[in-house]
Amino acid sequence: MAVLDSLRPEKVFGYFEEITRIPHGSYNLDGIRDYLIAFAKKNDIDFTADEAGNIIYRKPAYPGYEDMPGIILQGHMDMVAVCDEGSGIDMKTAPLDIFIDGDLIGAHHTSLGGDDGIAVAMALAILSSDDIPHPPLEVIITANEETGMEGASGLDISNIKYRSLINLDSEDEGIFTVGCAGGARVSCFLESGASPSPDQKSLQISISGLTGGHSGQMIHLGRANAIKVMGEILKKASEVSDAAVTDIKGGNADNAIPSWCTVTLSVPAKDADSVIESVRLESDKQRKIYSETDPGFTAEIIPCDEISEALHLSISKASDFLKALPNGVIAMSKDIEGLVQTSLNLGIIDVKGGKLHAEFSVRSSIASERDELIDTLKKITGEFGGTNKVTGVYPGWKYAPESPLRDKMVRVFRDMYGYEPKVEAIHAGLECGFFMDKAPDIDAVSIGPDMQDIHSPLERLSISSTQRTYDYLLKVLADKG
Ligand SMILES: [Zn+2]
């Protein structure tokens, strides 16, 4: 029994439901790829399945549209496959259990994959139609977008003929995205020092309850970074004792502002009381600084029994290093008001192979600023005798002052909705950056229907917004003006 079969457009929701029955988390794409290939064969559509895992479809123009410039429709086939803790669902094998709740579609206890299954569904609906007017089409369905845009990165652009690209991977109806940041992950490593001397006490400092948030969308909001705050606290403690950091952990992902950090110190017994006192004083000061943005800020210092030996780094070196590392907004855009141009987020700290390891997400819409910031991190780490590793470099998409596709899409939107769409650039990555990097003459706009809480079991897709967005997309394709 189909759950969505009462919804119109029938094909869009029909394909979407079929996709939800095929497990398709990133790196688990054989099933969805087979489905997409079977679709092409069944509907007699020319396609390429490339080595990066992408599927590219080609469809000739609708009669009367042969002379129009071709359009590329683009989305990604993978989803962030997550489920509620304790639900026992195996996202590698289980079909999603979808439901309709008013205007929303969700999946019981799991993410839905509206991001970006609805783009795939819309594209398949258009490809399999014979009554939708459109120029010649190329449809690019990329692989593994959510894990670092590997499909887009590996795409051979010589397979792509057209230069007007509509990316369908946005989540706000009425907002056109026309620029995005590039970025990289930068790891910094510091070697461990000498082993602890005897007669030491072990103390544990924990910071927790900070607000955190996505480092692309929220880096400019002034929220506390738990690892940087720990650097301030350790600096104060280093003024009263020659302690050593013997373990450190904080943050969950390079692209999330860390909401917690825990450090274990090995302290000469005679200094323990003064270290506890200085940590309390500095924690209170930090809590006050962030009282508006981080009302849940909690800090505590407690003695602990076991002496950790994961690491042995002098507290002054560790705190000087953490304080020296830049973090947050580096530059705002001069072209677009309120847009962060360049930033970095110290998202993870831990001990790896006996070394202190700090991991950053660096972002910029300007490639040279991204590279400069990576160099700054290397230079600082080098001054402390450490080393770096740079991975996951992806290109940005600089706002194009002239864009015929954007002009056309704004005009069609205004005619259909009766108001202006918002045209924005974002401080996060989109696959468009890779396409522009390979073919700078590509003219692109990113749109999509309303979704909530993507990448989580609370993900919801709006039915009415999907209907309007599809309708709008068909009007753009049919527009000859
Ligand atoms: Zn997406």
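The values are calculated or read from the model by the stated rules, or taken from the named source; none is laboratory data. As the structure is a prediction and not an experimental result, all values here were calculated from the model. Glycine also receives a Cβ, built like all others from the backbone with ideal geometry; neighbour counts cover every protein chain displayed.
Yes/no per residue for (1) over 27 Å from residue 471 (Cβ atoms); (2) touching a helix residue (DSSP H, G or I) at 6+ places or on another chain (Cβ under 7 Å); (3) of a type in the set (Lys, Arg):
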| site | (1), (2), (3) |
| --- | --- |
| 94 | yes, no, no |
| 110 | yes, no, no |
| 114 | no, no, no |
| 133 | no, yes, no |
| 147 | yes, no, no |
Criterion (under 30 Å from residue 434 (Cβ atoms) and hydrophobic (A, V, I, L, M, F, W, C)) met by exactly one of 119, 2: 119
Residues that are part of a helix (DSSP H, G or I), surrounded by 21 or more Cβ atoms within 10 Å (Cβ to Cβ) and hydrophobic (A, V, I, L, M, F, W, C): does region 258-268 have at least one? no
By residue number, the members of region 64-104 that are closer than 18 Å to residue 462 by Cα, away from the ligand (no atom under 16 Å from the Cβ) and either small (Gly, Ala, Ser) or not in a loop (DSSP other than H, G, I, E, B) (or both) are 98, 99, 100, 101, 102, 104
How many residues are in contact with a Gly (Cβ under 8 Å, 6 or more places away or on another chain), under 25 Å from residue 160 (Cα atoms) and among the hydrophobic types (A, V, I, L, M, F, W, C) if we restrict to region 429-465? 0
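Matching residues to (1) at pLDDT 95 or above; (2) of a type in the set (A, V, I, L, M, F, W, C):
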{"residue": "337", "(1), (2)": "no, no"}
{"residue": "345", "(1), (2)": "yes, no"}
{"residue": "354", "(1), (2)": "no, no"}
{"residue": "366", "(1), (2)": "no, yes"}
Kindly evaluate residue 259 against the criterion of being hydroxyl-bearing (Ser, Thr, Tyr) and more than 16 Å from residue 208 (Cβ to Cβ). no
Within region 336-349, is even one residue assigned to a helix (DSSP H, G or I) and more than 25 Å from residue 175 (Cα to Cα)? no
Matching entry among 334, 317, 355 (being more than 20 Å from residue 213 (Cα to Cα) and touching an Asp or Glu at 6+ places or on another chain (Cβ under 7 Å)): 355
Looking for something within 12 Å of the ligand (Cβ to nearest atom), part of a loop (DSSP other than H, G, I, E, B) and under 21 Å from residue 398 (Cβ atoms) - is there at least one such residue anywhere in region 139-147? yes
Among what's in region 297-327 and is closer than 16 Å to residue 254 by Cα and buried (at least 18 other Cβ atoms within 10 Å of the Cβ), pick the residue that is nearest to the chain's Cα centre (by Cα). 327
Quick one: would you say residue 28 is surrounded by fewer than 20 Cβ atoms within 10 Å (Cβ to Cβ) and touching a residue at least 24 places away in the same chain (Cβ under 8 Å)? yes
Search region 438-465 for residues being touching a helix residue (DSSP H, G or I) at 6+ places or on another chain (Cβ under 6 Å) and β-branched (Val, Ile, Thr), and hand back the single one that is surrounded by the most Cβ atoms within 10 Å (Cβ to Cβ). 445
Of the residues 131, 172, which single one is away from the ligand (no atom under 16 Å from the Cβ) and either touching a Gly at 6+ places or on another chain (Cβ under 8 Å) or not assigned by TED's automatic domain parsing to the domain that holds residue 353 (or both)? 131
Restricting region 148-169 to residues that are more than 16 Å from the ligand (Cβ to nearest atom) and over 16 Å from residue 394 (Cβ atoms), which is surrounded by the fewest Cβ atoms within 10 Å (Cβ to Cβ)? 158
Taking the options 112, 124, name whichever one is at pLDDT 95 or above, buried (at least 16 other Cβ atoms within 10 Å of the Cβ) and outside any loop (DSSP other than H, G, I, E, B). 124
So, in region 445-458, exactly how many residues are modelled with pLDDT under 95 and on the phi < 0 side of the Ramachandran plot? 5
If the requirement is being touching a residue at least 60 places away in the same chain (Cβ under 8 Å) and in contact with a Leu (Cβ under 6 Å, 6 or more places away or on another chain), which of these qualifies: 276, 315? 315
Test residue 179 against the criterion of being within 16 Å of the ligand (Cβ to nearest atom) and modelled with pLDDT under 95, and give yes or no. no
Verdict on residue 115 being closer than 25 Å to residue 404 by Cβ, among the charged types (D, E, K, R) and in contact with a Gly (Cβ under 9 Å, 6 or more places away or on another chain): no
State yes or no: is residue 464 away from the ligand (no atom under 16 Å from the Cβ), modelled with pLDDT of 95 or more and over 30 Å from residue 324 (Cβ atoms)? yes
Could you count how many residues in region 216-245 are of a type in the set (Ser, Thr, Tyr) and touching a Pro at 6+ places or on another chain (Cβ under 7 Å)? 1
In the list 201, 236, 249, which residue meets the criterion of being in contact (Cβ under 8 Å) with a residue 40 or more places away in the chain, of a type in the set (Lys, Arg) and not in a strand (DSSP E or B)? 236
